[in-house]
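K.L.:
Quick one: the structure is below, questions incoming.
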Amino acid sequence: MFGLFKKKTLSLMAPMSGEIIDISKVPDAVFSQKMVGDGFAINPSNGLVMAPCSGTIAQVFPTNHAFGIVTDDGFEVLVHIGIDTVELSGEGFTRVLEPGTKVQAGDTIIQVDLDVLRNHDKSTITPVVITTPDKVKSMDVNLGLGNKEAAIITLN
Amino acid sequence: MTSVTIKSKNGLHARPASLIVNAATKYPGEVFIIKDTSKINAKSIMNIMGMGLMQGDTISIEATGDNPASIEGELKEIIEGVEA
């Protein structure tokens with residue numbers, strides 16, 4: 001009975017180690033103005049990029065700089081590694097898992113050499129964006145260092 | 001239905017995909033992007049990026065509703081105007 005009124009929530013972990021920052025601080029208007037969607041970003045300290053939640057890998061862009069996860073509820077989240085990194089045409093990025101793979105939160109999907117990004121003057125800041133805003137009632141982001149639970153999302 | 005070839009060096013990545021979604025979402029009817037046998041909803045950024053469209057790919061834009069030519073033309077302009 002009470003289950004009917006129980007709020008449905010989804011926890012997103014930070015897909016990379018590092019500092020969780022507000023999405024409005026991302027140095028690219030596409031993300032900071034939430035054109036892609038709301039979310040958070042990471043200033044990463046190493047190059048392992050993991051699934052932020054359990055689900056299925058919906059897509060990995062051909063250059064391996066972005067991937068999406070879709071949950072069983074149809075909630076979609078996009079991880080975009082670095083800024084303007086599409087211009088690297090895949091250099092520095094290694095795909096670990098393929099689209100269609102079922103993943104648990106924390107499974108490594110991409111490995112990135114952050115020094116390659118830095119050597120090309122690309123920001124390593126990695127936005128994590130919800131691309132299905134209609135599924136989301138509210139979102140609480142835990143800013144700062146070392147938060148494994150980066151955001152709690154209340155679903156509609 | 002409107003046909004367009006992607007000329008930008010980096011294909012339809014996050015920036016152009018978000019411009020397409022923002023335009024398509026304002027259109028009241030359905031909007032699709034078609035390539036070969038894939039037909040996806042142009043209002044979903046994940047679907048667009050998932051197609052992995054790269055330079056040289058030719059796609060079709062197809063809309064339903066009262067004025068499909070307006071949104072099809074707008075999206076063609078966005079796609080052809082992508083700089084990188």
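The values are calculated or read from the model by the stated rules, or taken from the named source; none is laboratory data. From a predicted model like this one, the values you see are computed outputs, not experimental measurements. Cβ sites come from the backbone with ideal geometry, for glycine too, and all protein chains shown count toward neighbours.
K.L.:
Grab the strands (runs of 3 or more DSSP E) fully contained in the range A:1-88, keeping just those with 1 or more residues being of a type outside the set (S, T, N, Q) and closer than 17 Å to B:Asn47 by Cβ. Before the answer, list the steps.
P.N.:
Numbers: elements: A:9-13, A:18-22, A:39-44, A:48-50, A:55-60, A:66-70, A:76-80.
Because the criterion is at least 1 residues that are of a type outside the set (S, T, N, Q) and closer than 17 Å to B:Asn47 by Cβ, the strands (runs of 3 or more DSSP E) in the range A:1-88 that meet it are A:55-60, A:66-70, A:76-80.
K.L.:
OK, next. Is there any pair linking a residue in the range A:105-127 that is in contact (Cβ under 8 Å) with a residue 40 or more places away in the chain to one that is surrounded by 14 or more Cβ atoms within 10 Å (Cβ to Cβ) and hydroxyl-bearing (Ser, Thr, Tyr), with Cβ under 6 Å and at least six apart or on different chains, and which?
P.N.:
What qualifies is A:Ala105/A:Ser54; A:Leu114/A:Thr124; A:Lys122/A:Thr85.
K.L.:
Say whether the condition of being in a strand (DSSP E or B), modelled with pLDDT under 95 and farther than 23 Å from B:Ala17 by Cβ is met by at least one residue in the range A:117-136.
P.N.:
For the range A:117-136, residues in a strand (DSSP E or B), modelled with pLDDT under 95 and farther than 23 Å from B:Ala17 by Cβ: absent.
K.L.:
Every residue in the range A:54-63 that is out of contact with any Gly (no Cβ under 7 Å at 6 or more places or on another chain) and within 11 Å of chain B (Cβ to nearest Cβ), please.
P.N.:
If the condition is that a residue be out of contact with any Gly (no Cβ under 7 Å at 6 or more places or on another chain) and within 11 Å of chain B (Cβ to nearest Cβ), then A:Val60 is the only one that fits.
K.L.:
Any idea how many residues of the range A:69-78 are without any contact (Cβ under 8 Å) to a residue 40 or more places away in the chain and facing chain B (nearest Cβ under 8 Å)? Spell out the reasoning first.
P.N.:
Our first condition is that a residue be without any contact (Cβ under 8 Å) to a residue 40 or more places away in the chain; within the range A:69-78, this holds for A:69-70, A:72.
From what is left, the residues that are facing chain B (nearest Cβ under 8 Å) are A:70.
Of the residues in the range A:69-78, 1 are without any contact (Cβ under 8 Å) to a residue 40 or more places away in the chain and facing chain B (nearest Cβ under 8 Å).
K.L.:
Identify the residue in the range A:21-38 that is acidic (Asp, Glu) and within 14 Å of another protein chain (Cβ to nearest Cβ) and, among all such residues, is farthest from A:Gly100 (Cα to Cα).
P.N.:
So the first thing to find is which residues in the range A:21-38 are acidic (Asp, Glu), and the list is A:22, A:28, A:38.
Checking the rest, the ones that are also within 14 Å of another protein chain (Cβ to nearest Cβ) come to A:28, A:38.
Numbers: A:Asp28: 29, A:Asp38: 24 Å.
Per the stated criteria, the residue is A:Asp28.
K.L.:
All but one of (1) in contact with a strand residue (DSSP E or B) (Cβ under 6 Å, 6 or more places away or on another chain); (2) farther than 26 Å from B:Leu53 by Cα hold for A:Arg118; which doesn't?
P.N.:
(1)
K.L.:
In the set A:Ala41, A:Ala66, A:Ala51, which member is of a type in the set (Gly, Ala, Ser) and either facing chain B (nearest Cβ under 8 Å) or in contact with a Lys or Arg (Cβ under 6 Å, 6 or more places away or on another chain) (or both)? Let's see the steps before the verdict.
P.N.:
Numbers: A:Ala41 fails: either facing chain B (nearest Cβ under 8 Å) or in contact with a Lys or Arg (Cβ under 6 Å, 6 or more places away or on another chain) (or both); A:Ala51 fails: either facing chain B (nearest Cβ under 8 Å) or in contact with a Lys or Arg (Cβ under 6 Å, 6 or more places away or on another chain) (or both).
After applying the criteria, what remains is A:Ala66.
K.L.:
What residue, of B:Lys43, B:Lys39, B:Lys9, is basic (Lys, Arg) and away from chain A (no Cβ under 13 Å)?
P.N.:
B:Lys39
K.L.:
With the checklist (1) within 14 Å of chain A (Cβ to nearest Cβ); (2) part of a helix (DSSP H, G or I); (3) surrounded by fewer than 16 Cβ atoms within 10 Å (Cβ to Cβ); (4) of a type outside the set (Phe, Trp, Tyr) in hand, flag the one item B:Val21 doesn't pass.
P.N.:
Here B:Val21 clears every test but (3).
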